[in-house]
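The values are calculated or read from the model by the stated rules, or taken from the named source; none is laboratory data. Computed from a predicted structure; not experimentally measured. Cβ placement follows ideal geometry from the backbone for every residue including glycine, while neighbour counts extend to all protein chains displayed.
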Amino acid sequence: MHNNSKINNLILDFGGVIYQISHKKQMECFKGFGVKNFEYLYSQAIQNPLFGELEIGSVSNDDFMAELKKMLPGNISADKIGHAWNSILVGFSDNAVSLLKKLKKKYNLFLLSNTNAIHYNIYMPEFNQKYGYNFEELFAKAYWSFKIGLRKPGHEIFNYVLDDVGLIAGNCLFIDDSIQNTVAADECGIKSIWLKPGLGLTDLFDDNLDLI
């Protein structure tokens, strides 16, 4: 049971919380190109600097793809590389979207996501086509790492959100599927919940939309 008497702001991660992703599927695609160390190059815990640069928007999509091509053996086409890069994207969780529509009536909702423009340009139109409205309408404000030049788990991104909206850390709850990000939020004074593997956003709230 969580003490949520002061919680009126929810800060939510995107991938793995609202949108389903598959690192395994992406890794299998790149292994198919002969990349034996892709787990090291790109994982939730250890990232090649190139991927981090893409997530804070400091490298263009074209330059990123060109650098990624250099990492791969042989002469793989840009289309195949793009398909492999985007294979991590599975789709929106209908249950999570339905819950968000209810939660926004009780809490101020904010999105805080490490992502890149390549993926963003896929799942934003996907949401609009599937649900008939813009994804960001679910939130008071959405923060995408590649747009603000900051990424989790850096303390700077959490403080940026708090300062930008004028939120009190103690009145916020952060939900993320990566434990290093929830630890960082805790260190910034923001209560957090690590959404462990096998759990969904709907598992955290009761019928009254209170935290379980």
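Kindly indicate the residue of the stretch 175-203 that is touching a Cys at 6+ places or on another chain (Cβ under 9 Å) and of a type in the set (A, V, I, L, M, F, W, C) and also farthest from VAL17 (Cα to Cα) among those meeting that condition.
ILE190
Name every residue in the stretch 62-96 that is in a helix (DSSP H, G or I) and of a type in the set (Phe, Trp, Tyr), in order of residue number.
Step one: of the stretch 62-96, the residues in a helix (DSSP H, G or I) are 62-71, 78-86, 94-96.
PHE64, TRP85, listed by residue number.
Does ILE122 satisfy the criteria of being in a helix (DSSP H, G or I), among the aliphatic types (A, V, I, L, M), closer than 15 Å to TYR19 by Cβ and in contact (Cβ under 8 Å) with a residue 60 or more places away in the chain? I'd like the intermediate steps shown before the answer.
Numbers: in a helix (DSSP H, G or I): yes; among the aliphatic types (A, V, I, L, M): yes; closer than 15 Å to TYR19 by Cβ: yes; in contact (Cβ under 8 Å) with a residue 60 or more places away in the chain: no.
Against the criterion (in a helix (DSSP H, G or I), among the aliphatic types (A, V, I, L, M), closer than 15 Å to TYR19 by Cβ and in contact (Cβ under 8 Å) with a residue 60 or more places away in the chain), ILE122 does not qualify.
Of everything in the stretch 179-212, what is small (Gly, Ala, Ser), crowded, with 19+ Cβ neighbours inside 10 Å and over 19 Å from LYS104 (Cα atoms)? Give them in sequence order. Can you show your working first?
To start, the set of residues in the stretch 179-212 that are small (Gly, Ala, Ser) comprises 184-185, 189, 192, 198, 200.
Cutting the leftovers down to crowded, with 19+ Cβ neighbours inside 10 Å gives us 184-185, 192.
Passing the criteria: ALA184, ALA185.
Kindly evaluate LYS105 against the criterion of being assigned to a loop (DSSP other than H, G, I, E, B) and in the same structural domain as ILE168 (by TED's automatic domain parsing). Let's see the steps before the verdict.
On the way: assigned to a loop (DSSP other than H, G, I, E, B): yes; in the same structural domain as ILE168 (by TED's automatic domain parsing): yes.
It is true that LYS105 is assigned to a loop (DSSP other than H, G, I, E, B) and in the same structural domain as ILE168 (by TED's automatic domain parsing).
Please find, among LYS70, LYS102, the residue that is among the charged types (D, E, K, R) and modelled with pLDDT under 95.
LYS70
Mind checking which residues of the stretch 186-210 are touching a residue at least 40 places away in the same chain (Cβ under 8 Å) and either assigned to a helix (DSSP H, G or I) or on the phi > 0 side of the Ramachandran plot (or both)?
Here is the first cut: in the stretch 186-210, the ones touching a residue at least 40 places away in the same chain (Cβ under 8 Å) are 190-191, 193, 195, 200-202, 205, 209-210.
Correct list: LEU201, THR202, LEU209.
Would you mind telling me which numbered condition in (1) out of contact with any Phe, Trp or Tyr (no Cβ under 9 Å at 6 or more places or on another chain); (2) not in a helix (DSSP H, G or I) THR115 fails?
(1)
Suppose we filter the stretch 80-92 for residues that are over 16 Å from the mean Cα position of the chain (by Cα) and over 15 Å from ASP63 (Cα atoms); how many remain?
As a first pass, look at the stretch 80-92 and keep what is over 16 Å from the mean Cα position of the chain (by Cα): 80-84.
From the residues that got through so far, the ones that are over 15 Å from ASP63 (Cα atoms) too are 80, 83-84.
Of the residues in the stretch 80-92, 3 are over 16 Å from the mean Cα position of the chain (by Cα) and over 15 Å from ASP63 (Cα atoms).
Would you check if there is a residue in the stretch 157-165 being under 19 Å from LEU195 (Cα atoms), out of contact with any Leu (no Cβ under 6 Å at 6 or more places or on another chain) and either surrounded by 18 or more Cβ atoms within 10 Å (Cβ to Cβ) or in the same structural domain as PHE64 (by TED's automatic domain parsing) (or both)? Steps first, please.
From the stretch 157-165, those under 19 Å from LEU195 (Cα atoms) are 158; that's our starting set.
This time we only want the ones that are out of contact with any Leu (no Cβ under 6 Å at 6 or more places or on another chain), so: 158.
When the remaining residues are screened for being either surrounded by 18 or more Cβ atoms within 10 Å (Cβ to Cβ) or in the same structural domain as PHE64 (by TED's automatic domain parsing) (or both), the result is 158.
Yes.
If you go through the stretch 29-59, how many residues are modelled with pLDDT of 85 or more and either assigned to a loop (DSSP other than H, G, I, E, B) or surrounded by 13 or more Cβ atoms within 10 Å (Cβ to Cβ) (or both)? It would help to see each step written out before you state the result.
Taking the stretch 29-59 as the starting set, the residues that turn out to be modelled with pLDDT of 85 or more are 29-33, 49-59.
Keeping just the survivors that are either assigned to a loop (DSSP other than H, G, I, E, B) or surrounded by 13 or more Cβ atoms within 10 Å (Cβ to Cβ) (or both) gives 29-33, 50-59.
Number satisfying all stated conditions: 15.
When the stretch 135-155 is examined, which residues are found to be in contact (Cβ under 8 Å) with a residue 24 or more places away in the chain, in a helix (DSSP H, G or I) and crowded, with 18+ Cβ neighbours inside 10 Å?
LEU138, SER145, PHE146
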